[in-house]
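Working notes, structure below.
The values are calculated or read from the model by the stated rules, or taken from the named source; none is laboratory data. The model shown is predicted, which means the values in this text are computed figures rather than measured ones. Cβ placement follows ideal geometry from the backbone for every residue including glycine, while neighbour counts extend to all protein chains displayed.
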Amino acid sequence: MVAVGTTVVRTLESETKLVKSVKSVESVESGKTDLTDLTGSTDLFVFPPYDFNMIDIMITNSHLSKSSLMILVEAFLQFKKSKKSLVELYDMAIKTNFRFYSFGD
């Protein structure tokens, strides 16, 4: 599944955890669980190491340093076994004059 934005990542990962606690594991694994029936809030804080259950691809903007969003992105990079860390990727972006805080780079 593709998540566009860190809020979507948290929402989908939270719903996956909620479904597993509410419904049987068999119904989740068979794909018979309807996530549209779920409502609520989340206090999910994603940090490394984190085992993502639903997200395969994440599209997100460049985030401010020292934010919890950067920690979530780093957790995703580690989960996907990225060859580069988030710090290394930001260093590359700075050296190649990426526009930070501007979607599209």
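Of the residues making up the stretch 53-73, those that are within 16 Å of GLY5 (Cβ to Cβ) and free of Cβ contacts under 8 Å to residues at least 40 places away in the same chain are LEU64, SER67, SER68, MET70, ILE71.
If the condition is being of a type outside the set (A, V, I, L, M) and either surrounded by fewer than 18 Cβ atoms within 10 Å (Cβ to Cβ) or not in a loop (DSSP other than H, G, I, E, B) (or both), then the stretch 63-83 contributes SER65, LYS66, SER67, SER68, GLU74, PHE76, GLN78, PHE79, LYS80, LYS81, SER82, LYS83. Residue pairs whose Cβ atoms lie under 8 Å apart, sitting 6 or more positions apart in sequence or on different chains, and linking a residue in the stretch 87-105 that is of a type in the set (Asp, Glu) to a partner that is modelled with pLDDT under 90, are ASP105/SER62; ASP105/ALA93; ASP105/PHE98; ASP105/ARG99. Does the stretch 94-101 include one or more residues that are at pLDDT 80 or above, more than 17 Å from the chain's Cα centre (by Cα) and not in a loop (DSSP other than H, G, I, E, B)? So far as the stretch 94-101 goes, yes, one or more of its residues are at pLDDT 80 or above, more than 17 Å from the chain's Cα centre (by Cα) and not in a loop (DSSP other than H, G, I, E, B).
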